[in-house]
1. Suppose we filter segment B:275-319 for residues that are part of a helix (DSSP H, G or I), within 14 Å of chain A (Cβ to nearest Cβ) and touching a Gly at 6+ places or on another chain (Cβ under 9 Å); how many remain?
2. Could you please find all residues in segment A:72-103 being of a type in the set (D, E, K, R), within 7 Å of chain B (Cβ to nearest Cβ) and in a helix (DSSP H, G or I)?
3. Give the number of residues within segment C:125-149 that are out of contact with any His (no Cβ under 9 Å at 6 or more places or on another chain), of a type outside the set (A, V, I, L, M, F, W, C) and within 11 Å of another protein chain (Cβ to nearest Cβ).
4. Picking from A:Ala143, A:Ala175, which residue would you name as being within 14 Å of chain C (Cβ to nearest Cβ) and either surrounded by 18 or more Cβ atoms within 10 Å (Cβ to Cβ) or in a helix (DSSP H, G or I) (or both)?
5. Assuming B:Gly266 fulfils every condition listed in (1) within 14 Å of another protein chain (Cβ to nearest Cβ); (2) buried (at least 23 other Cβ atoms within 10 Å of the Cβ) apart from one, which condition is it?
6. When you check C:Ala163 against the structure, is it within 14 Å of chain A (Cβ to nearest Cβ) and at pLDDT below 90, yes or no?
7. Suppose we keep only residues that are more than 10 Å from every other protein chain (Cβ to nearest Cβ) and of a type in the set (A, V, I, L, M) within segment B:534-556. Which one would you say is nearest to the chain's Cα centre (by Cα)?
8. Filter segment B:320-353 down to residues that are in a helix (DSSP H, G or I) and among the basic types (Lys, Arg), then give me how many there are.
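The values are calculated or read from the model by the stated rules, or taken from the named source; none is laboratory data. Just so it is clear, the model here is predicted, and its values are computed rather than measured. Please note: Cβ atoms are built from the backbone with ideal geometry, for glycine as well, and neighbour counts cover all protein chains shown.
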Amino acid sequence: MLEACHVSVSYGATRALCDVSLRLAPGASVALMGASGSGKSSLLHCLAGVILPDEGSVVVDGIDVTNLSDRERSRLRLERMGVVFQFGDLVPELTLIENVMLPLQLLGRRTREARRRAAELLGLLGIADLGDSRTGAVSGGQAQRAAVARAMVHEPKIVLADEPTGALDSINGEAVLDALVEMTKSSGTTLLVVTHDNVVASHLDTLVTMHDGAILSTQMDTSV
Amino acid sequence: MRAAILLGLRLAVGTGGQRTRSVMMVTASAVGSMVLLLVWGIAHSQVGTTTAFPSNPGAVTLLVAGTIGMVALPVLVFVATIARLSARVRDRRLSNLRLLGLSAAQTRWVAAAEVGFASLVGVVAGAVAFLAAAPLVSRIDVPGRDWTSSSLTPPTSAWICVLAVLPAITVLTAALPQRLSSDRALPHVRHGDIRSVQLVRLVPLVLGFALCWATRGPLLDRKDTLPPGEVLAILAGIALLAIGMLLVIPVFVALVATLVLRLGRGPLATLIGRRLQTQPAGATRVIAALMIGLFIVVGARGVLVAFLATNQYINAADFVERAQTAEVTASPSEANATASVLRSLEGVQRVTSFPVLYGEPVESSAPEENMVTVLVASCTDLGGEDGQLAGCSDQAASLVGDPWIFDSDVEAMRVHEGNEYEPRGAAVVMAMDGATTIDTAEFERAVGALADTPVIVIPPDTEGVAGLLPRTDRLVVAHAGPGRFLYDRVQDAGLRINSSVDLENYDFVQGMLTLVRTLAAVIISIGLLTFTIAGIDRALTRRRELTTLRLIGTPGRLLRAAQWWEAALPTVFGSLLAIAAGGYAGATYLQLDDDKFMPLTTAFALAVVATVTSMLLAWITTVGTTARLNPEHIRAE
Amino acid sequence: MSTAESLLALVEPEPAYGYTLKHQYDRWFGRKRPLGFGQVYSTLSRLERKGWVALSQVEAGHGPERRLYEITVDGVTAIDEWVGTPQAPDLFATSSLYARLTVALLSGRDANQVLGGQRQVHLERMRELQALRRKATGPDLLAVTYELTHLDADLRWIEQSGARLAVVSREMDGEVDA
């Protein structure tokens, strides 16, 4: 489903990733942990097609993204992936529901259908009545939930999250993670969460630990 | 207070972004002060010291003040815009300071210090740059202008204005508009709220339009006879138009936003509509300088047209630019000698000499009032080197232009010697049938005299005319190429000149022309610069959201299109409005009908150019929008 | 409780009297709660019964102070197992993690493995707890989240210690030599 094969990335003289290989099966739920500088964000960016590795390849849903142009990777991201980042970064001028609708509209769906589906997701996440508010008028937790909704509204095969609850208190963080895990599990979406928080990692089935640009260990939950 | 100032100074050079802004502030202040000093100096030396209007020195002062004001306004707007760059980010930071416990006054000091120091440095730098550049500018050779004798030193008031007022205004702009109460600081920390636009903003524009419309009068040169109350009303109307057009922009933007959101489908419409809806006044800030520039440039034509249309100027311009002519009247015995003296003068290209008679219609009851000058010449004489003069007839009389005397059919003229006050001597009657018409301009070019007088030309072999000739005066005209030397040389040769040319008026108007053209270039440039800088800055402060949008897969061209529409819509509207308002103001000032002031084709052409340029400018602001997706930006700030 | 194992570990390097052992224990393990002599001797007796220590010498004299204890092969094995086995993450049992790590550092055993092993076990338990939490209500929910939070605290300490191991180890060597 999503695979990095012998990927190496350097920023100038710094080696961020060193011959890293990782394979995510469809429907897998993976936590990527490591200290700052361990390379976990770089690995995430490679998997998302944001940066091209200096060596190695990244395969998304059978397609080798390392050969695609920037525009094609962008399109692939739109079609197959959803992303949630630490600060959500919703467009502040748009309402929450307009933010959530965006991926569907970009994919060419009709506005009415997009709005309906977006409202459905906002409902699942418990913020249905905030659809017409702007980010400035809602709390951080609510905005982050909208970001999660945006990541899932177009039914992507893969959801990538980078410290999605980093800016939230524990209760809100727990709620957002629960929503993320539940929604991806029920739809069979692969979920990869980059985090340094043990509690966050414990929400997911598999734990991959990184250190100094390489994968240190992979721990699968055998009961699953 | 001291701590607050120090904090402000520290903030001015803190991070890379802040340093860049401070550098831009210094540059903007330097450019602004230099431009102001230069224009003030030019205006003062070229126009302010003119002797063309000895009876009305107040008007000249007003004129100079007006031109300074015309440049000062966009310069101030430009500098103020730079001071408010990245307003969102800096307001947020100041609000955070409030949350930390600083009082409102202290926060204002911080903001003032952050911007004020850079502004002061910039203004001083600009003044120094001006002092260095002034001697260079005065050496620029503009044809027809004599710069070298004038030094471009602006008066003391200019220095005070630039060194004190300019930084003061920047500081005020930076320090004032914040919502600095702590209870409002919290919601201000998050962004993206809509400001509602009040319709009361339409009032000044409507008022200004009404005032201008009410004070319009018939086409008369009434400037020195207008009652001061009416002058004030006109000026107030013009000022209200200028202010009003700026205030109206957010209303328009809000309206368009609502329309786009209601009618549009798809993410592009949503993005554009919502962005326009949020902070509609921000659009004004970006294009204000440009709009003022257009308003002034279009309106200032009014000032110029008044002067360019006077006969004195037209004649003087023709004299200096096309051909100099000097008229000398000589008695029949002196005519040849006079002509050869004139011919011998350096620069004189040819000398024409024609006998001059007078005539009036035979049926006229009041001969003194209906007198025309009669020139006796053959068509080849008139034509000179060019052969025959077009429209001239050797068989009958030729009318020059359309003298009013002939409005009712005149069958015959009585021609005699003498002057216009005393017909004397024998008279010859000649029939007027078959009279042809000579074009006025061609006649003046050929003869170089008798402008603004009703003239007819009769062939020398007209019956009876030969007898009148021996005693009548000759009109001797020296023709030279363009220049200003002729009168001096003729007078130095001891001859008395009958004609006159108002060179001082000419110089004054030329000075005005130069000034206005400089102004136009300067003002529009400042407007464009303000627009571009503010536009790019706005794109940069959006980088985080743009990065996220790219991350979720939004195609770059959609983001570019959104940015373009968001920039283009207010700019096109604003520039068209500015041109219309400026045109209306200028026409009002001149008390002219609109289509005399600016014919429809010119207005249309101007509108098209403005629209195309606005679209181009909007495109420039999309430059920052779609750089490669950079992972550094994903975790920025 | 890990008192017995800790004492046993202190006998490992060389035979020692009960008196010496009590002081060493206090120094490495009992900073806030010094061990009573009575507990020392009763623990040693227990260890002797288990066959983990043996009396190497009995000096003639009065009282138990004169007994020299030494570790047996079984005893060494017992320590190996104790240090190397991650403790079941039971909430209300006093944690032996700190003790095991100290012993590993003192005795040259693999401290990283102590930390890593415990981390793995903790994380597995946390996953189980998350699954429980999603269905729990009322006091059960409180209990589950309580345990989760404490496990998280342990894990944080494990990470910090892992990062500090080299330095701490050197410092301890210094103290041992002193």
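1. Number of matching residues: 1.
2. Result: A:Arg75, A:Arg77, A:Glu98.
3. The number of residues fulfilling the criteria is 6.
4. Result of the check over A:Ala143, A:Ala175: A:Ala175.
5. In the conditions (1) within 14 Å of another protein chain (Cβ to nearest Cβ); (2) buried (at least 23 other Cβ atoms within 10 Å of the Cβ), B:Gly266 misses (2) alone.
6. Spelling it out, C:Ala163 is indeed within 14 Å of chain A (Cβ to nearest Cβ) and at pLDDT below 90.
7. B:Ala534
8. 1
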